[in-house]
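Notes to accompany the following structure.
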Amino acid sequence: MRKPIAKDLASFLRQPPLPRFRSRLHDERTATLIGTALGVAFATAFLTGLISHVLQHPPGWLAHRLPARPSWGYRLTQGLHVSSGIIAIPLLLAKLWTVYPKLFAWPPLKSLAHAVERLSILVLVAGAVFELATGLLNSAQWYVWGGQFPFVPTHYWVAWITVGALIVHLGVKAPAIARGLRSPKTELPEAYQQIVEEQKQGVSRRAFVATTAVAAGAVTVATVGESIDSLRPVSALSPRDIGVGELGVPINRTAGQAGITADLVTSDWRLQVAGGTRPLSLSRDELAALSQSSATLPIACVEGWSVDAHWEGVRISDLMDLAGIPHDADVRVFSMEKNGAYAVTVMERQYVRDRAALLALRLNGRTLTLDHGYPARVIVPNRPGVLQTKWVRRMEAIV
């Protein structure tokens, strides 16, 4: 009895009873076509995500080179970031369908190059799934991971790891990609030819690619209304209606969430402007008595939504001039919010001196509400919503 057992074990090690797949869609050309579209979506998401990260956390050498114009720049890049991430979801599923039989190929490791390829695929797939899943949840503000999970740095660094794995994968698979791009016809291994002949009535590559494209387009149209007003009526899957909210603008973080109560913004509130030759301490009525300006600027958030709004208030550059703050100074802005990640922000000089940058007192023709940052908030062109500080109590020059 021992010999048959040993023989069976040796046979199993040579070729275990793995699943066999019978589809003509598991070929190089289909995988390459879907993979190319997925690569474009991933590249767009990565580059626009990098822009978002730099705008939120500018390195010192770049801080004063970031442009305040166009005012809609961040709205465009962050809208592209979220949209390309959503497009990548059906593309990733389709790509995995075309290649997953290779997960059951035997032997699992044939050479050092093959081992590097398999490892890069493991890291690439795990990273891609993590980025798309957490990004989608963040865009919907559904934080299932709890308040202690550092989403922003984790999302950022996993993106770099995923892109690194993608570069390695592209290097290893370059010959197969080249064959897939230039092959006008399906080129299957000889063992699949008979299977293909038996499945002439199956789904064609053209139908599969077209279905994937329609799915990607459908989820895009159904969500992109968050940042494109004209598509708002058909964005059925958008997690928020950007036309709904106090004063016609959605609210990401309410006063209650920030620990701001009406008691903190009573009539004794005063704005402190420090760091210049003429420090200021102004009540809200005194701010309202100053020369008022207005600007139509988008408020654009990292979750991908954005909306144009009409803002009224005092130009920040005028306040700085009144306080005797030099034109080359950056400004640190303090919120009454105590524990938020952006309770203290830095506004670089190019934003401070932009003529549309306001310490806003009114929004869409009405006084700010508490949730929108009453008694005063910042609105500056081409900055992420998290840096448009609400409930401002102090502004000081960085000298």
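Where in the chain are the DSSP H helices whose C-alpha atoms run 30 Å or more along the long axis and whose mean Kyte hydropathy is at least 1.0?
On the way: long enough: 28-56 (40 Å, 1.06); 73-99 (38 Å, 0.93); 112-139 (40 Å, 1.37); 151-182 (40 Å, 0.92).
Helix filter hits for the chain: 28-56, 112-139.
So which aspartates and glutamates pass the test for LYS173, namely a Cα distance under 18 Å, with those fewer than 8 places away in the same chain ruled out?
Cross-link targets: ASP27, GLU28, GLU117, GLU187.
Taking the Cα centre of the chain as origin, sum charge times position over the Cβ atoms of Lys and Arg (+1) and Asp and Glu (-1), and report the length of that vector in debye to the nearest 20.
It comes to approximately 1600 debye.
Normalised by the residues of the chain, what does the relative contact order come to in percent, with Cα pairs under 8 Å and at least six apart?
Working: 612 pairs, mean separation 78.5, N = 399.
Averaging sequence separation for qualifying contacts and normalising by length gives 20 percent for the chain.
Just rank LYS95, LYS390, fewest to most, by other beta-carbon atoms within 10 angstrom. Walk me through the numbers on the way to the answer.
Values: LYS95 24, LYS390 28.
The most exposed by this proxy come first: LYS95, LYS390.
Taking the dipole about the Cα centre of region 62-141, with the C-beta of Lys and Arg at +1 and of Asp and Glu at -1, give me whichever of VAL123, PRO101, GLY85 is farthest to the positive side.
Sorting the options by dipole projection puts first GLY85.
Once the other residues with Cβ under 12 Å from the Cβ of GLY313 are scored (Lys, Arg +1; Asp, Glu -1), what is the net sum? Before the final figure, lay out each step's value.
Details: positive: ARG284, ARG315, ARG362, ARG377; negative: GLU312, ASP318.
Charge balance in the 12 Å sphere: +2.
Among LEU38, LEU166, which comes first, second and so on when ranked by fewest other beta-carbon atoms within 10 Å?
Working: LEU38 25, LEU166 20.
With the sparsest Cβ surroundings first, the list reads LEU166, LEU38.
Only helical DSSP H runs with n ≥ 4 go in: add -39500 (n - 2.57) per run for the chain, normalise by residue count and round the 222 nm mean residue ellipticity to 500 deg cm²/dmol. Before the final figure, lay out each step's value.
Details: 11 runs with 176 residues, N = 399.
Per the formula, -14500 deg cm²/dmol.
What is the log10 of I(q)/I(0) for region 248-398, computed with the Debye formula using one identical point scatterer on each Cα and no solvent, at q = 0.11, 0.12, 0.21 Å⁻¹?
Taken in order of the listed q values, log10 I(q)/I(0) reads -0.36, -0.43, -1.51.
List the extent of the Cα atoms of the chain along each of their three principal axes, largest first, rounded to whole Å.
So the extents along the principal axes, rounded to whole Å, are 94, 43, 39.
Give me the net charge for the shell around ILE260: Cβ to Cβ below 11 angstrom, other residues only, Lys and Arg +1, Asp and Glu -1.
Details: positive: ARG253, LYS338, LYS390, ARG393; negative: ASP263, GLU337, ASP371.
Local charge sum for ILE260: +1.
Does region 270-325 come out rounded, prolate or oblate, given a ≥ b ≥ c as the square roots of the eigenvalues of its C-alpha gyration tensor, rounded meaning a/c under 1.5 and, failing that, prolate meaning a/b above b/c? Write out the running numbers ahead of the final one.
Numbers: a/c = 2.62, a/b = 1.97, b/c = 1.33.
Prolate is the answer for region 270-325, as a/c is 1.5 or above and a/b outweighs b/c.
In the Gaussian network model of the chain, springs joining C-alpha atoms below 10 Å, which of TRP269, TRP106, TRP97 carries the largest mean-square fluctuation?
Looking only at TRP269, TRP106, TRP97, the largest GNM fluctuation is found for TRP106.
We did not get these values from a lab; they are worked out from the coordinates using the rules stated. Note that the structure is predicted; figures quoted are calculated from it, not measured. As a convention, Cβ positions derive from the backbone with ideal geometry for all residues, glycine included, and neighbour counts pool all protein chains shown.
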